[in-house]
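The values are calculated or read from the model by the stated rules, or taken from the named source; none is laboratory data. Note that the coordinates shown come from a computational prediction; the quantities given were computed from them, not determined experimentally. Neighbour counts run over all protein chains shown; Cβ positions are idealised from the backbone, glycine included.
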Amino acid sequence: MFLEFDNSLDPQYDGLEERYNGLMETAFTLLNVPLNYEVDVSLVGDEEIHGINREYRKVDRVTDVISFAFDDAKDEKSHINNDLSIPHMLGEIFICVPQALRQAKEIGNSSERELSFLFVHGLLHLLGYDHTKKEDEEVMFPLQEKILSVYLETSKKEN
């Protein structure tokens with residue numbers, strides 16, 4: 001398992017790399033995903049995410065997170081690479097920190113919790129989960145919360 005972390009915004013967010021690694025490990029363990037995957041995550045600003053959203057999704061506004069799955073298989077488990085000796089690039093996640101901070105303030109979350117939630121949300125998209133239909137949402141959203149809570153429980157025990 002490898003996380004490529006790019007933070008060009010502010011060094012205060014460098015601590016998220018360790019948290020994202022832990023969240024990814026928790027998610028992969030809970031979902032029985034082999035640990036031979038690589039994920040790129042970039043923390044970006046409003047202008048960059050707006051441009052990405054406009055170019056790739058044809059949506060002309062700032063958003064909180066965008067994921068690009070490199071293996072976009074529609075069959076739920078067909079994208080899982082079981083050859084553990086071969087690293088496999090799962091995809092990229094772009095998280096808009098200013099938007100995450102605005103959302104956190106608006107809904108009463110800590111910035112750490114919101115930035116963690118958005119990472120897990122993007123990671124689940126890379127793994128083939130979606131929320132366009134009500135029945136998909138009923139699977140994905142509780143799974144996000146479970147991954148976050150298991151990670152928090154585990155990290156509390158370690159400290």
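Does R102 count as touching a His at 6+ places or on another chain (Cβ under 8 Å) and modelled with pLDDT of 95 or more? Steps first, answer last, please.
Details: touching a His at 6+ places or on another chain (Cβ under 8 Å): no; modelled with pLDDT of 95 or more: yes.
Here the answer is no, as R102 does not meet what is asked.
Taking the criterion of being among the hydrophobic types (A, V, I, L, M, F, W, C) and within 15 Å of the chain's Cα centre (by Cα), the residues of segment 1-29 that qualify are M1, F2, L3, F5, L16, L23, M24, A27, F28.
Do you know which residues across segment 35-61 are under 15 Å from Q99 (Cβ atoms), in a helix (DSSP H, G or I) and out of contact with any helix residue (DSSP H, G or I) (no Cβ under 6 Å at 6 or more places or on another chain)? Listed by number, the residues that qualify are E47, E48, I49, H50, G51, I52, N53, R54, R57. From the list E158, E138, E112, E153, the lone residue that is touching a residue at least 12 places away in the same chain (Cβ under 8 Å) and surrounded by fewer than 21 Cβ atoms within 10 Å (Cβ to Cβ) is E112.
Checking each residue in segment 123-140 for being assigned to a loop (DSSP other than H, G, I, E, B) and not acidic (D, E) picks out L127, G128, Y129, H131, T132, K133. Only a single criterion out of (1) modelled with pLDDT of 95 or more; (2) surrounded by 18 or more Cβ atoms within 10 Å (Cβ to Cβ) is not satisfied by Y37, namely (1).
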